[in-house]
1. Pick from Arg197, Arg140: which is touching a residue at least 12 places away in the same chain (Cβ under 8 Å) and loosely packed, with under 12 Cβ neighbours inside 10 Å?
2. Can you pull out every residue in segment 126-144 that is more than 22 Å from Pro171 (Cβ to Cβ) and polar (S, T, N, Q)?
3. Check Asp121 against each of (1) surrounded by fewer than 15 Cβ atoms within 10 Å (Cβ to Cβ); (2) in the same structural domain as Thr107 (by TED's automatic domain parsing); (3) in contact with a strand residue (DSSP E or B) (Cβ under 7 Å, 6 or more places away or on another chain) and name the one condition it does not meet.
4. Consider Leu168 against the criteria (1) part of a loop (DSSP other than H, G, I, E, B); (2) within 16 Å of ligand 3 (Cβ to nearest atom): it satisfies all of them except one. Which criterion is unmet?
5. Pick from segment 80-106 the residues that are surrounded by fewer than 19 Cβ atoms within 10 Å (Cβ to Cβ) and at pLDDT below 90: which of them is nearest to Leu36 (Cα to Cα)?
6. Does Ser112 meet the test of being in contact (Cβ under 8 Å) with a residue 24 or more places away in the chain, of a type in the set (S, T, N, Q) and touching a Gly at 6+ places or on another chain (Cβ under 6 Å)?
7. Which residue out of Gly161, Gly225, Gly198, Gly217 is more than 16 Å from ligand 3 (Cβ to nearest atom), of a type in the set (Gly, Ala, Ser) and under 23 Å from Leu94 (Cβ atoms)?
8. Could you go through segment 81-94 and let me know if any residue there is under 21 Å from Ala43 (Cβ atoms), within 13 Å of ligand 3 (Cβ to nearest atom) and assigned by TED's automatic domain parsing to the domain that holds Ala45.
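The values are calculated or read from the model by the stated rules, or taken from the named source; none is laboratory data. In this text the structure is predicted, and so the values were computed from the model without any measurement. Using ideal geometry, Cβ is built from the backbone for each residue, glycine included, and neighbour counts are taken over all protein chains shown.
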Amino acid sequence: MRLLKWLFGTKDSAGTAEQASATSMTIEDISIQAELTPARCAAIAKQLTEYLINSGAQIPVEKIPALQQKIQDCTFAGFRSDRMSEMLQTDYGLGQGLAAALSAQSTSIVLSKYRELRFRDLGCTRYEWSTSHDQRVCARCQALNGKVFFWNNPPEGGHPGECECWRLICPDYAKVPAGRLDSRCPNCEVELAKRPRGKAKCKSCQKEIWVRRNSDGQQVLLSEGMLKNFDRQKYGPEICRCVARPILEY
Ligand SMILES: [Zn+2]
Ligand SMILES: [Zn+2]
Ligand SMILES: [Zn+2]
């Protein structure tokens, strides 16, 4: 028996949530449109619908068929996930954090489901789990790294790309504070005599205050604990960037 591993999965390992939807559209993915058969679209629709219903976003059920189609179209057209996030805010009334998380996760689901369908159509039944080997891997994905799974028997929580890593790493992602716009200390909330323009120390609590520019161009004051959340707000939540390395047997 010859064992052949196909190293097709090449998601950008250093990318952000946003890039996962934009720059992972590599040469490999450009031919996607031609290969989008009705059966594949339907399978992706099913997966996405299930996700949207269970996402906790409380999108009215009757709106989900059109929404999932819109998400598929945007993803395969290579739109950035922040465009989808804006659409979720304006058309579906979601808050900024939840909209960002939902659009990143949906994009990941569409692309990984598409990969799965393509491999399965090639006769591939199993794959090896491979993480992105960085700090944005959740503990659940970490534990699955290197293990082999059958496509028809996903581990609890789904195949690579389907894990909601951000919920495991930061369950309250949609509510995380992303720094202060006022001139209070982000640690002790005392009113500062002067709003710092660079890293400073609070005279009252002696803790450090970081100053960063957010995605809207505003300067925000951050405590050390807020720094991670700030990155989430800026780059999007941790989405699963694990890949399934297909195993073909002869
Ligand atoms: Zn994960
Ligand atoms: Zn303070
Ligand atoms: Zn993962």
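1. Values: Arg140 fails: loosely packed, with under 12 Cβ neighbours inside 10 Å.
Being touching a residue at least 12 places away in the same chain (Cβ under 8 Å) and loosely packed, with under 12 Cβ neighbours inside 10 Å holds for just one of Arg197, Arg140, which is Arg197.
2. Step one: filter segment 126-144 for residues more than 22 Å from Pro171 (Cβ to Cβ), giving 126-130, 133.
Across segment 126-144, the qualifying residue is only Ser130.
3. Failed condition: (3).
4. (1)
5. Taking segment 80-106 first, the residues surrounded by fewer than 19 Cβ atoms within 10 Å (Cβ to Cβ) are 80, 82-83, 86-87, 89-93, 95-96.
Next, from what is left, pick out any that are at pLDDT below 90: 80, 82-83, 95-96.
Numbers: Arg80: 20, Asp82: 24, Arg83: 22, Gly95: 32, Gln96: 31 Å.
Among them, the one singled out is Arg80.
6. Details: in contact (Cβ under 8 Å) with a residue 24 or more places away in the chain: yes; of a type in the set (S, T, N, Q): yes; touching a Gly at 6+ places or on another chain (Cβ under 6 Å): yes.
Yes: the conditions hold for Ser112.
7. Details: Gly161 fails: more than 16 Å from ligand 3 (Cβ to nearest atom); Gly225 fails: under 23 Å from Leu94 (Cβ atoms); Gly198 fails: under 23 Å from Leu94 (Cβ atoms).
Residue meeting the stated conditions: Gly217.
8. Within segment 81-94 (the criterion being under 21 Å from Ala43 (Cβ atoms), within 13 Å of ligand 3 (Cβ to nearest atom) and assigned by TED's automatic domain parsing to the domain that holds Ala45), the answer is no, since none of the residues qualifies.
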